[in-house]
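Asker: Quick one: this structure, given as structure tokens, is what I'll be asking you about.
The values are calculated or read from the model by the stated rules, or taken from the named source; none is laboratory data. Keep in mind it's a predicted model, so treat the numbers as computed, not measured. In this analysis, Cβ positions are derived from the backbone assuming ideal geometry, glycine residues included, and neighbour counts consider all displayed protein chains. We work out accessible area using only protein heavy atoms, side chains counted, and drop any ligands, DNA or RNA first. Shrake-Rupley method; radii C 1.70, N 1.55, O 1.52, S 1.80 Å.
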Amino acid sequence: MARQEQQQHLQVLSALDAAKTQWYHFTAIVVAGMGFFTDAYDLFCISLVTKLLGRIYYTDLAKENPGSLPPNVAAAVNGVAFCGTLAGQLFFGWLGDKLGRKSVYGMTLLMMVICSIASGLSFSHTPTSVMATLCFFRFWLGFGIGGDYPLSATIMSEYANKKTRGAFIAAVFAMQGFGILAGGIVTLIISSAFRAGFPAPAYQDDRAGSTVRQADYVWRIILMLGAMPALLTYYWRMKMPETARYTALVAKNAKQAAADMSKVLQVEIQEEQDKLEQMVTRNSSSFGLFSRQFARRHGLHLVGTATTWFLLDIAFYSQNLFQKDIFTSINWIPKAKTMSALEEVFRIARAQTLIALCGTVPGYWFTVFLIDIVGRFAIQLLGFFMMTVFMLGLAVPYHHWTTKGNHIGFVVMYAFTFFFANFGPNSTTFIVPAEIFPARLRSTCHGISAAAGKAGAIIGSFGFLYAAQDPHKPDAGYKPGIGVRNSLFVLAGCNLLGFICTFLVPESKGKSLEEMSGEAEDDDDEVAAAGGAAVRPQTA
């Protein structure tokens with residue numbers, strides 16, 4: 001069989017597939033994972049401080065309630081980083097296949113560090129210019145974050161062995177959960193420290209005194225601290241060698257691939273340049289992204305990974321970014337006028353930290369431990385199905401959840417939707433695109449899939465902001481929406497569509513990257529495949 005023969009072609013690839021779990025695997029997880037820790041912290045910490053920004057820059061003391069960001073400003077502040085992320089995923093995904101994974105890996109991290117710090121230094125004379133400067137730097141912060149998605153996933157998949165590859169990629173992505181949790185904890189600590197140092201009355205008791213002047217430092221410090229974990233891992237990221245699969249299969253340098261992996265695996269590996277050249281001659285898998293051959297072999301796979309990620313992120317990001325609004329609507333967080341500015345920040349952070357601790361983080365690690373046992377396909381189906389169930393469980397009896405005494409039940413149900421998002425499609429949509437496409441297009445295709453997801457996140461963050469408005473009493477500056485209850489019905493529908501689209505995505509558990517991508521096939525196999533059947537794995 002051609003697949004069995006292919007495993008003999010390059011010893012370096014066989015060695016990677018069969019390698020036992022070693023220290024370098026954990027090093028790669030930490031180095032790549034700290035990028036995702038930073039990504040999540042930077043993307044989600046803004047939702048913790050948007051209420052504070054509204055109080056500082058848009059409060060009208062003549063009004064009964066404290067200030068809030070105008071609708072267009074709130075949409076820009078919440079969503080502009082996602083626009084940058086989408087662009088970065090496409091650009092750095094393409095660049096990772098052209099220049100190599102390692103070559104552009106440091107660029108993304110440096111951009112994240114610089115723009116995190118610059119975001120906190122968004123000073124100006126007017127509220128509008130402060131917000132414009134903040135949005136400018138958050139766009140470029142998102143651009144750097146976007147590059148981390150395809151590069152980290154591709155690097156980890158190409159370093160890992162085939163037995164535990166899913167767990168390793170999932171572990172990198174699981175650092176996102178710790179980043180979200182860290183954002184909440186950092187905000188709790190900083191807001192508590194400033195509350196203790198600069199006590200203030202509630203807005204209804206003293207409108208001017210409820211927002212102390214020092215509160216302006218709080219949001220800046222929170223945003224700037226996002227640079228620290230990325231800065232600490234920059235040196236180690238630069239020391240990582242290029243992946244053997246890129247060096248051998250794309251750069252066509254078997255000697256360098258063997259030398260790099262000999263150091264990493266601490267075994268002697270033959271360079272086999274002649275075998276690589278024979279393999280390239282025999283295998284015509286050099287088709288491009290827009291070729292008919294790619295469409296036949298991987299077109300449906302790309303549609304599947306892109307649509308499932310798109311639908312998942314509509315629900316996932318709208319929930320994450322607007323937890324504070326949902327909690328306020330069920331009265332779990334008191335009315336803004338009954339709190340000082342810093343107390344409101346503290347309460348929002350406490351609520352989001354509790355959700356992250358109870359639902360978000362555990363879900364990621366369930367995926368890490370089970371993905372190579374039950375497979376990607378089953379986990380993704382289960383996740384979409386359970387998210388649909390729990391969102392309907394929130395939406396159908398919504399008025400019950402908003403009555404006094406039932407708030408804890410709402411929060412528990414809400415946490416379960418996050419658990420099954422992360423023990424489900426939020427993890428698998430990241431993992432699978434890094435496994436099923438050819439090496440020379442792997443980073444690009446992952447970037448396209450991730451960008452589709454961020455398009456969903458933009459719809460979720462911008463759309464939910466308006467859609468969730470009360471149809472009878474919208475917030476100041478907003479038009480009436482469909483309300484939180486009907487918005488939850490829409491999100492449940494997105495999850496149901498994601499369940500259906502999952503059937504376009506192949507199962508990659510236990511298979512080498514070359515088997516999944518079709519690079520293990522030669523010309524004869526391709527002809528016999530009759531349209532790619534030989535490279536389409538079972539989906540269950």
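Asker: What number of residues in region 337-378 are open to solvent by less than 30 Å² (accessible area, probe 1.4 Å) and part of a helix (DSSP H, G or I)?
Answerer: Total satisfying the criteria: 21.
Asker: Assess whether Ile431 counts as being touching a helix residue (DSSP H, G or I) at 6+ places or on another chain (Cβ under 7 Å), among the β-branched types (Val, Ile, Thr) and under 30 Å from Phe294 (Cβ atoms). Talk me through it step by step, then tell me what you get.
Answerer: Values: touching a helix residue (DSSP H, G or I) at 6+ places or on another chain (Cβ under 7 Å): yes; among the β-branched types (Val, Ile, Thr): yes; under 30 Å from Phe294 (Cβ atoms): yes.
For Ile431, the condition - touching a helix residue (DSSP H, G or I) at 6+ places or on another chain (Cβ under 7 Å), among the β-branched types (Val, Ile, Thr) and under 30 Å from Phe294 (Cβ atoms) - is met.
Asker: Turning to a different aspect of this structure: Checking the conditions here, which among Ile185, Ile189, Ile221 is without any contact (Cβ under 8 Å) to a residue 12 or more places away in the chain, closer than 27 Å to Arg347 by Cα and in a helix (DSSP H, G or I)?
Answerer: Ile189
Asker: To continue, here is another question. What pairs come out if I take residues in region 199-210 that are without any contact (Cβ under 8 Å) to a residue 12 or more places away in the chain and pair them with residues that are open to solvent by 90 Å² or more (accessible area, probe 1.4 Å) and assigned to a loop (DSSP other than H, G, I, E, B) whose C-beta lies under 7 Å away, six or more apart or interchain?
Answerer: Correct list of pairs: empty, since none qualify.
Asker: Does Ala81 satisfy the condition of being hydrophobic (A, V, I, L, M, F, W, C), buried (at least 23 other Cβ atoms within 10 Å of the Cβ) and within 17 Å of Thr108 (Cα to Cα)?
Answerer: yes
Asker: Run down Ser191, Ser210, Ser157, Ser129 and say which single residue is under 17 Å from the mean Cα position of the chain (by Cα), over 22 Å from Leu110 (Cβ atoms) and among the hydroxyl-bearing types (Ser, Thr, Tyr). Break it down stepwise before answering.
Answerer: Numbers: Ser191 fails: under 17 Å from the mean Cα position of the chain (by Cα); Ser210 fails: under 17 Å from the mean Cα position of the chain (by Cα); Ser129 fails: under 17 Å from the mean Cα position of the chain (by Cα).
The match here is Ser157.
Asker: Still on this structure, I have one more. Checking Ala533 against (1) at pLDDT below 75; (2) in contact with a Pro (Cβ under 8 Å, 6 or more places away or on another chain); (3) hydrophobic (A, V, I, L, M, F, W, C), which single condition isn't satisfied?
Answerer: Failing condition for Ala533: (2).
Asker: Do you know which of the residues in region 60-78 that are of a type in the set (Gly, Ala, Ser) and within 24 Å of Cys115 (Cα to Cα) is surrounded by the fewest Cβ atoms within 10 Å (Cβ to Cβ)?
Answerer: Of region 60-78, the ones of a type in the set (Gly, Ala, Ser) are 62, 67-68, 74-76.
In the following step, the residues that additionally are within 24 Å of Cys115 (Cα to Cα) were identified as 74-76.
Working: Ala74: 24, Ala75: 17, Ala76: 20.
So, considering only residues that are of a type in the set (Gly, Ala, Ser) and within 24 Å of Cys115 (Cα to Cα), the one surrounded by the fewest Cβ atoms within 10 Å (Cβ to Cβ) is Ala75.
Asker: Can you name the number of the only condition in (1) surrounded by fewer than 24 Cβ atoms within 10 Å (Cβ to Cβ); (2) part of a loop (DSSP other than H, G, I, E, B) that Phe194 fails?
Answerer: (2)
Asker: Out of all the residues in region 176-198, is one or more charged (D, E, K, R) and either farther than 22 Å from Gln352 by Cβ or out of contact with any helix residue (DSSP H, G or I) (no Cβ under 8 Å at 6 or more places or on another chain) (or both)?
Answerer: No, because not a single residue in region 176-198 is charged (D, E, K, R) and either farther than 22 Å from Gln352 by Cβ or out of contact with any helix residue (DSSP H, G or I) (no Cβ under 8 Å at 6 or more places or on another chain) (or both).
Asker: Quick one: Ser129 ticks every box in (1) open to solvent by 20 Å² or more (accessible area, probe 1.4 Å); (2) touching a Phe, Trp or Tyr at 6+ places or on another chain (Cβ under 7 Å); (3) polar (S, T, N, Q) bar one, so which box is it?
Answerer: So Ser129 meets the others, but not (2).
Asker: Find all pairs meeting these conditions: Cβ atoms under 6 angstrom apart; at least six residues apart or on different chains; first residue within region 290-314 and farther than 17 Å from Pro150 by Cα; second residue open to solvent by 10 Å² or more (accessible area, probe 1.4 Å) and in a helix (DSSP H, G or I).
Answerer: Taking only residues 6 or more apart or on different chains, the pairs are Leu300/Leu504; Leu311/Cys494; Leu311/Leu497; Ile314/Ile459; Ile314/Cys494.
Asker: Of all residues being assigned to a helix (DSSP H, G or I) and free of Cβ contacts under 8 Å to residues at least 40 places away in the same chain in region 379-398, which is nearest to the chain's Cα centre (by Cα)? Just the residue, please. Break it down into steps so the answer makes sense when it comes.
Answerer: From region 379-398, those assigned to a helix (DSSP H, G or I) are 379-395, 398; that's our starting set.
Narrowing the set further to residues that are free of Cβ contacts under 8 Å to residues at least 40 places away in the same chain leaves 386, 389-390, 393.
Values: Met386: 20, Val389: 23, Phe390: 22, Gly393: 26 Å.
Among those that are assigned to a helix (DSSP H, G or I) and free of Cβ contacts under 8 Å to residues at least 40 places away in the same chain, it is Met386.
Asker: Working carefully through the options Pro241, Pro229, find the one that is over 30 Å from Ser340 (Cα atoms) and either modelled with pLDDT of 95 or more or not in a helix (DSSP H, G or I) (or both). Show your work before the answer.
Answerer: Values: Pro229 fails: either modelled with pLDDT of 95 or more or not in a helix (DSSP H, G or I) (or both).
Exactly one of Pro241, Pro229 is over 30 Å from Ser340 (Cα atoms) and either modelled with pLDDT of 95 or more or not in a helix (DSSP H, G or I) (or both), namely Pro241.
Asker: Report yes if Lys509 is open to solvent by 30 Å² or more (accessible area, probe 1.4 Å) and closer than 20 Å to Phe168 by Cβ, otherwise no.
Answerer: Judged against the criteria, Lys509 is a match.
Asker: Ok, one more. On the given criteria, is Tyr234 farther than 29 Å from His25 by Cα and open to solvent by 20 Å² or more (accessible area, probe 1.4 Å)?
Answerer: For Tyr234, the condition - farther than 29 Å from His25 by Cα and open to solvent by 20 Å² or more (accessible area, probe 1.4 Å) - is not met.
Asker: From the residues in region 97-113 that are touching a residue at least 40 places away in the same chain (Cβ under 8 Å) and open to solvent by 70 Å² or more (accessible area, probe 1.4 Å), which one is nearest to Ile221 (Cα to Cα)?
Answerer: So the residue we want is Leu110.
Asker: Another question, if that's okay. List the helices (runs of 4 or more DSSP H) that sit entirely inside region 407-480 and contain at least 3 residues that are hydroxyl-bearing (Ser, Thr, Tyr) and within 26 Å of Tyr149 (Cα to Cα).
Answerer: Working: elements: 407-422, 425-431, 439-458, 464-467.
Per the criteria, 425-431, 439-458.
Asker: Mind checking which residues of region 14-58 are more than 30 Å from Gln319 (Cβ to Cβ) and open to solvent by 10 Å² or more (accessible area, probe 1.4 Å)? Give the steps one after another, and end with the answer.
Answerer: Looking only at region 14-58, we keep the residues that are more than 30 Å from Gln319 (Cβ to Cβ), and these are 14-28.
Of everything in region 14-58, those that are more than 30 Å from Gln319 (Cβ to Cβ) and open to solvent by 10 Å² or more (accessible area, probe 1.4 Å) turn out to be Ser14, Ala15, Asp17, Ala18, Ala19, Lys20, Thr21, Gln22, Trp23, Tyr24, Phe26, Thr27.
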